[in-house]
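The values are calculated or read from the model by the stated rules, or taken from the named source; none is laboratory data. Predicted model only: the values in this text are computed from it and were never measured. Note that each Cβ is placed from the backbone with ideal geometry, even for glycine, and that neighbours are counted across all protein chains shown.
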Amino acid sequence: MSRIKLGMVGGGNDAFIGAVHRIASRIDDRFELVAGALSSTPEKSQASGEALGLPRIYDDFKQMAQREARRKDGIDAVSIVTPNHVHYSAAREFLKRGIHVICDKPLTSTLADAKKLVKAAEDSDALFILTHNYTGYPMVRQAREMIANGDIGAIRVVQVEYPQDWLTVEQDFKQAEWRTDPARSGAGGSTGDIGTHAFNLACFVTGLEVESLAADLTAFVPGRQVDDNGHVMLRFEGGAKGMLWCSQVAPGNENALRIRVYGDKGGLEWAQEDPNYLWHTPFGEPKRLITRNGAGAGEAAARVSRIPPGHPEGYLEGFANIYTESADAIMAVKAGQGVPAEVLYPTVHDGLKGVQFVSACVKSSARNATWVKLDH
């Protein structure tokens, strides 16, 4: 099987997430990284590209999009791993030239840009994939399949949280700097950085849309311009209720993403730091442990598992599953076919919902946690 030619915008030598995307794209050997505009300055981009051994290195993403689109051997897809405020302008350049886009979350830094990016994606023949990587975990797919099959009945309660502790005090390194700058991160701090993950996971697993929310956002660190903690009440379509907590000032928590879903027939629990286990409790019966590729796991989980049960799979493999689903979709489109029904990845519309979530949280909190409707 031929590999898809991939370019990258952002993700230079000092960028954590760029390395993650590069590793994920290689795990199943479906992509070949051949071009990049890896930094905000030509000098840094050149140095990073040379360190990675890229055949083609560009000064900026616009130059890259223009030149790659003219090449017979130009890239098929681009991975955008910049700070949030660059997502829209970079993605637009590639989409209008028919180059598929794989973009890190959140979709954009502002709701206005998110809406424009949806329009750009809809007007393009290219695919747009958003890397909410937790949707690629096998036991998340298992939970989604079980809920869709009615294993826990009608959903009543959804509890999702994502606490971290790395911003408990003021930090001055690059990753902290741009994430706490509203000009680059957007109006949401913890809500945009990790709250969008929790929001997306709740909707992905349950299949439900959030209709309205009430949020209480706080910046606990003195002088911080964006929230570092958020408590959000959720009202889902169909009457289910939920709570979302995101925090980057919770000492003792590293990446403690967790979801619990309760229906009238039972409940499910999954934690990202223990990703190969899914707990299922039918009402009135003992709690049951379902393991990745173990007894009780279904086809949805098996499809995105690589190794036998008992061997841990997690963060990088979750990203890799999004890349491999993207590769399947891109190859189908190149062959003149539609995206296969079994292929599953977050879309530009999922990204818009995430930015709408952040915008609604900021609006609600500014109004003393009043309820705000999400416009889908």
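Taking residue 322 as meeting all but one of (1) in a helix (DSSP H, G or I); (2) at pLDDT below 95; (3) of a type outside the set (Gly, Ala, Ser), write down the number of the exception.
Here residue 322 meets the rest and fails (2).
Take the range 354-369 and flag every residue that is of a type in the set (Val, Ile, Thr) and more than 11 Å from residue 232 (Cα to Cα).
Of everything in the range 354-369, just one residue is of a type in the set (Val, Ile, Thr) and more than 11 Å from residue 232 (Cα to Cα), namely 355.
For the range 61-88: of the residues being free of Cβ contacts under 8 Å to residues at least 40 places away in the same chain and surrounded by fewer than 17 Cβ atoms within 10 Å (Cβ to Cβ), which is nearest to residue 178 (Cα to Cα)?
In this case the residue turns out to be 62.
Can we say residue 276 is under 29 Å from residue 187 (Cα atoms), within 22 Å of the chain's Cα centre (by Cα), modelled with pLDDT of 95 or more and in the same structural domain as residue 199 (by TED's automatic domain parsing)?
The answer is no for residue 276.
Are any residues in the range 6-43 under 17 Å from residue 329 (Cα atoms), outside any strand (DSSP E or B) and over 21 Å from the mean Cα position of the chain (by Cα), and if so, which ones?
29, the sole residue that qualifies.
Assess whether residue 173 counts as being within 23 Å of residue 84 (Cα to Cα) and modelled with pLDDT of 95 or more.
Judged against the criteria, residue 173 is not a match.
Scan the range 46-62 for residues that are within 18 Å of residue 91 (Cβ to Cβ) and in contact with a strand residue (DSSP E or B) (Cβ under 6 Å, 6 or more places away or on another chain) and jot them down.
58, 60, 61
Which ranges mark the strands (runs of 3 or more DSSP E) fully within the range 230-302 that have 2 or more residues being of a type in the set (Lys, Arg) and touching a residue at least 60 places away in the same chain (Cβ under 8 Å)?
258-263
So residue 103 passes all but one of these: (1) in the same structural domain as residue 262 (by TED's automatic domain parsing); (2) within 25 Å of residue 359 (Cβ to Cβ); (3) in contact with a helix residue (DSSP H, G or I) (Cβ under 8 Å, 6 or more places away or on another chain); (4) modelled with pLDDT of 95 or more. Which condition number does it fail?
(1)
Residue by residue through the range 144-183, note down the ones that are surrounded by 15 or more Cβ atoms within 10 Å (Cβ to Cβ) and of a type in the set (Lys, Arg).
Those that are surrounded by 15 or more Cβ atoms within 10 Å (Cβ to Cβ) and of a type in the set (Lys, Arg): 144, 156, 179.
Hey, does the range 330-342 have a residue that's under 21 Å from residue 78 (Cα atoms), under 20 Å from the mean Cα position of the chain (by Cα), in a helix (DSSP H, G or I) and not assigned by TED's automatic domain parsing to the domain that holds residue 205?
Yes.
Among the listed residues 183, 214, 143, 187, which satisfies the condition of being touching a residue at least 60 places away in the same chain (Cβ under 8 Å) and assigned to a strand (DSSP E or B)?
214
Could you tell me whether the range 228-242 includes any residue that is under 23 Å from residue 287 (Cβ atoms) and of a type in the set (A, V, I, L, M, F, W, C)?
Looking through the range 228-242, at least one residue is under 23 Å from residue 287 (Cβ atoms) and of a type in the set (A, V, I, L, M, F, W, C).
Out of 48, 109, I need the residue that is closer than 18 Å to residue 357 by Cα, small (Gly, Ala, Ser) and crowded, with 23+ Cβ neighbours inside 10 Å. Which one?
The unique qualifying residue is 109.
Test of understanding: among 212, 247, which residue is more than 19 Å from the chain's Cα centre (by Cα) and among the hydroxyl-bearing types (Ser, Thr, Tyr)?
The unique qualifying residue is 212.
Quick check on residue 235: is it within 21 Å of residue 361 (Cβ to Cβ) and either basic (Lys, Arg) or not assigned by TED's automatic domain parsing to the domain that holds residue 172 (or both)?
It is true that residue 235 is within 21 Å of residue 361 (Cβ to Cβ) and either basic (Lys, Arg) or not assigned by TED's automatic domain parsing to the domain that holds residue 172 (or both).
Across the range 43-57, what is the total count of residues that are on the phi > 0 side of the Ramachandran plot and touching a residue at least 12 places away in the same chain (Cβ under 8 Å)?
0
When the range 72-116 is examined, which residues are found to be of a type in the set (Gly, Ala, Ser) and either out of contact with any Cys (no Cβ under 7 Å at 6 or more places or on another chain) or part of a strand (DSSP E or B) (or both)?
Across the range 72-116, the qualifying residues are 74, 77, 79, 89, 90, 98, 109, 112, 114.
Part of a helix (DSSP H, G or I) and more than 24 Å from residue 266 (Cα to Cα): does that describe residue 170? Explain how you work it out, then say what you get.
On the way: part of a helix (DSSP H, G or I): no; more than 24 Å from residue 266 (Cα to Cα): yes.
Judged against the criteria, residue 170 is not a match.
Identify the residue in the range 339-361 that is buried (at least 22 other Cβ atoms within 10 Å of the Cβ) and β-branched (Val, Ile, Thr) and, among all such residues, is farthest from residue 242 (Cα to Cα).
348
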